[in-house]
Amino acid sequence: QPAITKADVDRAAAVAALVKAQTLRAKGDKALAKQARTLFQASIDASKSAGDACGMRDAYVALAGLEHEVVDAAAQKAAAQAALDQPCEGRVAERALAQRLLGSASINQGDFAAGTRETERAVASFKETGDVYQQGIALRNLGLAYAESGEVEKALSITHAALDAAQAAGDQKLLALVHNDLAFMYNARGEFALAVDGYRQTLETLRANPYQ
């Protein structure tokens with residue numbers, strides 16, 4: 001039986017810290033964010049010690065997700081960029097998540113050019129993995145970015161694609177959000193009948209599938 005190396009011990013420590021951090025994050029309690037952040041960093045440090053770039057990427061992606069949930073766009077952007085900087089081959093799903101998180105952070109900071117560029121990369125990556133739910137989230141972010149930058153026609157086209165993805169994924173929460181986005185965009189264009197229909201579909205979806 002091969003001897004256990006220090007790298008093996010470090011990898012095990014990285015996984016253990018990541019699991020603990022994700023468990024805290026899943027509680028959805030912002031008061032636990034500092035503790036979760038410390039554990040994510042411990043996972044990153046242990047993976048670095050083990051020479052495991054993919055382990056570092058996994059932890060950075062999860063950390064970026066946490067920063068998104070606590071609405072810290074700067075920290076989210078830094079973690080997502082660090083995830084993409086890791087020389088981890090393959091692992092397209094993690095790369096796609098990092099691209100989406102980097103894009104949404106840039107959009108939330110008002111940098112629509114960088115935000116749309118990264119989000120378009122995320123859409124392409126999620127198509128590669130076949131994850132229609134994540135495609136829907138990324139397309140929704142992209143549509144909102146174009147709407148905010150005044151490109152309403154492009155925003156509508158992309159948001160309709162997000163609607164198709166949400167329907168294909170069967171995710172009712174995402175479906176309600178996208179219907180609401182469409183209503184907002186139609187309202188901005190002065191197409192009030194379509195806006196009202198969008199709001200009606202939002203309410204119907206929420207009534208059938210209330211938030212827990």
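The values are calculated or read from the model by the stated rules, or taken from the named source; none is laboratory data. Because the structure is a prediction, the values reported are computed rather than measured. Neighbour counts run over all protein chains shown; Cβ positions are idealised from the backbone, glycine included. Just so you know, the surface numbers come from the protein's heavy atoms only, side chains and all, with ligands and any DNA or RNA stripped out. Shrake-Rupley method; radii C 1.70, N 1.55, O 1.52, S 1.80 Å.
Okay, residues lined up against (1) open to solvent by 20 Å² or more (accessible area, probe 1.4 Å); (2) over 21 Å from Gly198 (Cα atoms); (3) out of contact with any strand residue (DSSP E or B) (no Cβ under 9 Å at 6 or more places or on another chain); (4) charged (D, E, K, R):
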residue	(1), (2), (3), (4)
Glu89	yes, yes, yes, yes
Asn108	yes, yes, yes, no
Arg117	yes, yes, yes, yes
Glu151	yes, no, yes, yes
In segment 1-38, anything out of contact with any helix residue (DSSP H, G or I) (no Cβ under 7 Å at 6 or more places or on another chain), open to solvent by 90 Å² or more (accessible area, probe 1.4 Å) and more than 21 Å from Ala50 (Cβ to Cβ) is listed as Lys27, Lys30, Lys34
Would you tally the residues in segment 51-85 being surrounded by 24 or more Cβ atoms within 10 Å (Cβ to Cβ) and closer than 16 Å to Arg121 by Cβ?
6
Per the list (1) part of a loop (DSSP other than H, G, I, E, B); (2) within 18 Å of the chain's Cα centre (by Cα); (3) over 21 Å from Ala138 (Cβ atoms), residue check on Pro87 breaks on (2)
Count - residues of segment 122-162 that are over 28 Å from Glu191 (Cα atoms) and either hydrophobic (A, V, I, L, M, F, W, C) or in a helix (DSSP H, G or I) (or both):
11
With the checklist (1) in a helix (DSSP H, G or I); (2) open to solvent by 60 Å² or more (accessible area, probe 1.4 Å) in hand, flag the one item Ala166 doesn't pass.
(2)
Of all residues in segment 178-212 being assigned to a helix (DSSP H, G or I) and surrounded by fewer than 12 Cβ atoms within 10 Å (Cβ to Cβ), the one that is modelled with the lowest pLDDT:
Ala208
